[in-house]
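FYI, it's all coordinate maths here, none of it is from the lab. Since the structure is predicted, the reported quantities are computational estimates derived from the model, not experimental observations. Positions of Cβ are generated from backbone atoms using ideal geometry, with glycine treated the same way; all protein chains shown enter the neighbour counts.
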Amino acid sequence: MLVLGIETSCDETSVALVEDDKVVANLIYSQIATHKKFGGVVPEIAAREHLKTLPILFSELMDQSNVPIEQVDGIAVTKGPGLIGALLVGVSFAKGLALRYQKKLVGVNHIVGHVYANYLAYPQLKPPYIVLMVSGGHTLIMKVGGYEDIKIIGRSVDDAAGEAFDKISRLLGLGYPGGPVIDQLAKNGNSKAFSFTRPKIYDPDFDFSFSGLKTAVLYEINRLKKSGYTEETLPINDLAASAQEAILDVLLYKVTKAAKENGLKDIVLAGGVAANSRLRQKIDELSTQFNFYLPPLEFCSDNAAMIARAGIERLKLGYDDGLDIEPSPNFFEMMMQ
């Protein structure tokens, strides 16, 4: 089955062609440079960038893949969650293609798309398994029994882990996005230099909380400045490494706890934070106890290949959402569908 994927949920515009588990082509235009000066994603600007870029990327995809649109079996588009303006651009474009070329159209849950990014590297992956979904907007633990059997068993009660990285990066004067720059600086830092809190780590549930960690970093910065440090002399690398270690410790403790209590050994990672090099290193240390599945780096961030792959599952199940499809920006609304 050959499916065209379209992703415009936040600040990446992406189109892809996926045939079963093989990526024929996957094009991504990142808006990071556009939003960086604002310290985060500006929804209106993101929507306008998608509107300008999506038709161009689609044309490039068709040229590079040398696959006529007529040969495509269906179209999969991110329906939500995400920024409503950005989602509208992708859904409207997908509707136009479906109408023009008389193709089946399915809406894909962006979170489920991140899970199915793993199938592009591990076609042999079979449920049941536990998922740790970590991105700028969501931190979740899910139990997956099948495409239509996904249960959220843990979530952040405040900031997502990726959001915590961004806020801590801002406190350290490192800019946006925070995850990659903290990951890089932490390589030259001492992760034991500061004993930051591990919120909720020993609570009986599988939930997370990261807002307190951000506050702990702020208090530590203020303490250091009062003791004589300046903006220029702050031990940035050590602060970055220590904060990162606290976040990763909680993530891995909770997801392995969930796997143990559900009698499962397969753990799937999904989302942008899955690209973190220290996270991957710590997972190697746990590989004798669990089977970890990590998406290739190019499929960790938002991309259309994962949407197309998840769309294949929906099409195989007989879904065709047609032209009545509407974007759903609310996360929990999407998880109920």
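A few notes on this one:
- Computed P(r) (all Cα pairs; the chain; 20 Å bins; percent): 32, 55, 13, 0
- Relative contact order (percent, whole number), the chain, Cα cutoff 8 Å, 6+ residue spacing: 26 percent
- Calculated FRET value between Lys225 and Tyr253, using beta carbons and R₀ = 35 Å, to 0.05: 0.65
- Rg/Rh for the stretch 127-294 (Cα atoms only, Rh after Kirkwood) is 1.00.
- Cα centroid of the stretch 160-223 to Cα centroid of the stretch 29-65, whole Å: 29 Å
- For the listed peptides 282-291, 10-19, 255-264, 233-242, a ranking on the average number of other beta carbons within 10 Å per residue, highest first, reads 10-19, 233-242, 255-264, 282-291.
- Taking each DSSP H run with n ≥ 4 as -39500 (n - 2.57) and averaging over every residue of the chain yields -13500 deg cm²/dmol at 222 nm.
- The stretch 193-233 residues near the modelled Gln289 label - backbone nitrogen below 14 Å, point 7 Å along Cα→Cβ: 202
- Nearest 10 degrees, 0 to 90: helix 161-171 Cα axis against the chain principal axis: 50 degrees
- Gain in span if fully extended, Ser30 to Asn262, counting 0.36 nm per residue against the direct Cα distance: 79.7 nm
- Pairs spanning more than 18 Å between alpha-carbon atoms, out of Lys126/Lys316; Lys103/Lys316; Lys36/Lys225; Lys187/Lys282; Lys187/Lys214: Lys36/Lys225; Lys187/Lys214.
- Simple spin-label estimate for Ser59 and Ala121 in nanometres, 7 Å along Cα-Cβ: 3.4 nm
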